[in-house]
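The values are calculated or read from the model by the stated rules, or taken from the named source; none is laboratory data. Computed from a prediction, not measured in an experiment: that's the story for all the values here. Virtual Cβ from ideal backbone geometry, glycine too; neighbours counted across all protein chains shown. Heads up: the accessible areas ignore ligands, DNA and RNA and are worked out on the full protein's heavy atoms, side chains in. Shrake-Rupley method; radii C 1.70, N 1.55, O 1.52, S 1.80 Å.
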Number of protein chains: 2
Amino acid sequence: MAQKGFTLWFTGLSGAGKTTLAQRMYDELKHKRGLKVELLDGDVVRTNLSKGLGFSKEDRDTNIRRIGFVCNLLTRNDVIAIAAAISPYEEVREEVRNTIGRDKFVLVYVNAPIEVLIERDVKGLYAKALRGEIQNFTGISDPYEPPKDPDVVVNTHQESVEESVRKILAHLEERGLLDPD
Amino acid sequence: MAQKGFTLWFTGLSGAGKTTLAQRMYDELKHKRGLKVELLDGDVVRTNLSKGLGFSKEDRDTNIRRIGFVCNLLTRNDVIAIAAAISPYEEVREEVRNTIGRDKFVLVYVNAPIEVLIERDVKGLYAKALRGEIQNFTGISDPYEPPKDPDVVVNTHQESVEESVRKILAHLEERGLLDPD
């Protein structure tokens, strides 16, 4: 069977586990299954697509649209695009989802209660945001709108990375986007 | 034979014919030959990648690097990327060429003497630039560095669009990037 392109989009708060899951999925699809996959994540996006953008709603929306534009180019050429971005606003997430096509878009809500993230605080960002040293920090001083209609929800405070990965793979196979391994 | 990805990059002054040639090549490769092709040109780039960038050297370089980044993602997944951009600076053009890989990058210099372009002036931009109503206009008030090592040179003041297209196709076939039609 020829490879189908789709976009696997991870949304969620900082520290919830988007990058970890996106990279695990990249390894699984690229290296284990030998598929064509690109990962658009944090540093890659900041360096190559979003330089100069800030954290206003307008700039965040521009950033998400831009990542979505690139995901769409890849997806419609039968490449799998994996994006990990806080993408806090429902409206622009849905805009990207509709542009790419809902049948080729997989929205994964990486969920964990903010209290857990504040306690984990691997990068120390929540502490800084709570002290007011970082402005417009999603979940603290900037809004996060949980997706109303996610395709998959992973609860990273309750399940292991491997459990989340299996859940996502099962969904992709169920939707016919991926052959069973 | 499986399709090979490559980047076909048109550089040249405003009005030299980059867009016309890029679109003709897109039609030829996409519609006539049924290949996977994406066209990154003027409006598409301005709307989806470059919003907020101006015409300083730094912003122009960022723009070119960003287009190059997207071309690279497509090329390395076996898609043909066609870019049409003034891309006036040798250094950043060469940077993109090396990142994508010189064997998968085809630099087309769309050449026409500035006097001819001033006379044609389809969009009236040269007149405005000469009156000082547009700042940083390439060829008038901003530099254009002709490529030192182009793969193909098309002289649009001397040859027809069809002649230029045939020249480019012949080069692609010679390099083994395209099967003979």
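Computed quantities for the displayed model
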quantity	calculated
Complete set of residues in the stretch A:37-52 that are facing another protein chain (nearest Cβ under 9 Å), in a strand (DSSP E or B) and not charged (D, E, K, R)	A:V37, A:L40
Count of residues meeting criterion [closer than 20 Å to B:D59 by Cβ, out of contact with any helix residue (DSSP H, G or I) (no Cβ under 8 Å at 6 or more places or on another chain) and either touching a residue at least 40 places away in the same chain (Cβ under 8 Å) or more than 9 Å from chain B (Cβ to nearest Cβ) (or both)] in the stretch A:53-74	3
Any hit, the stretch A:161-173, residues being open to solvent by 40 Å² or more (accessible area, probe 1.4 Å) and under 23 Å from A:N63 (Cα atoms)	no
Test for B:T19: is it more than 12 Å from chain A (Cβ to nearest Cβ), open to solvent by 10 Å² or more (accessible area, probe 1.4 Å) and over 22 Å from A:R65 (Cβ atoms)	yes
Residue check, B:F137 surrounded by fewer than 21 Cβ atoms within 10 Å (Cβ to Cβ), among the hydrophobic types (A, V, I, L, M, F, W, C) and over 20 Å from A:N48 (Cα atoms)	yes
Unmet requirement for A:D179, which otherwise passes all of (1) assigned to a loop (DSSP other than H, G, I, E, B); (2) closer than 27 Å to A:S50 by Cα; (3) open to solvent by 40 Å² or more (accessible area, probe 1.4 Å)	(2)
Subset of the stretch B:82-131 [in contact with a Pro (Cβ under 7 Å, 6 or more places away or on another chain) and among the acidic types (D, E)]	B:E90
Filter result for B:T99 (in contact with a helix residue (DSSP H, G or I) (Cβ under 7 Å, 6 or more places away or on another chain) and either within 13 Å of chain A (Cβ to nearest Cβ) or acidic (D, E) (or both))	yes
Hits in the stretch B:2-16 (condition: under 12 Å from the mean Cα position of the chain (by Cα), within 14 Å of chain A (Cβ to nearest Cβ) and of a type in the set (A, V, I, L, M))	none
Subset of the stretch B:140-151 [of a type in the set (D, E), surrounded by fewer than 15 Cβ atoms within 10 Å (Cβ to Cβ) and out of contact with any strand residue (DSSP E or B) (no Cβ under 9 Å at 6 or more places or on another chain)]	B:E145
Residue tally, condition closer than 25 Å to B:K51 by Cα, of a type in the set (V, I, T) and open to solvent by less than 40 Å² (accessible area, probe 1.4 Å), over the stretch A:32-54	1
Answer residue from the stretch B:4-16, given it is open to solvent by less than 10 Å² (accessible area, probe 1.4 Å) and among the hydroxyl-bearing types (S, T, Y) and is farthest from B:I82 (Cα to Cα) among those	B:T11
Verdict on A:V108 being open to solvent by less than 10 Å² (accessible area, probe 1.4 Å) and over 13 Å from the mean Cα position of the chain (by Cα)	no
Residue count, the stretch A:58-81 (criterion: under 18 Å from the mean Cα position of the chain (by Cα) and open to solvent by 50 Å² or more (accessible area, probe 1.4 Å))	1
Matching residues in the stretch B:111-134 - criterion: being touching a strand residue (DSSP E or B) at 6+ places or on another chain (Cβ under 7 Å) and open to solvent by 90 Å² or more (accessible area, probe 1.4 Å)	none
B:L29 away from every other protein chain (no Cβ under 12 Å), more than 27 Å from A:F6 (Cα to Cα) and either in contact with a strand residue (DSSP E or B) (Cβ under 6 Å, 6 or more places away or on another chain) or crowded, with 23+ Cβ neighbours inside 10 Å (or both)	no
Of the criteria (1) of a type in the set (S, T, N, Q); (2) within 13 Å of another protein chain (Cβ to nearest Cβ); (3) closer than 27 Å to A:K148 by Cβ, which one A:N77 fails	(3)
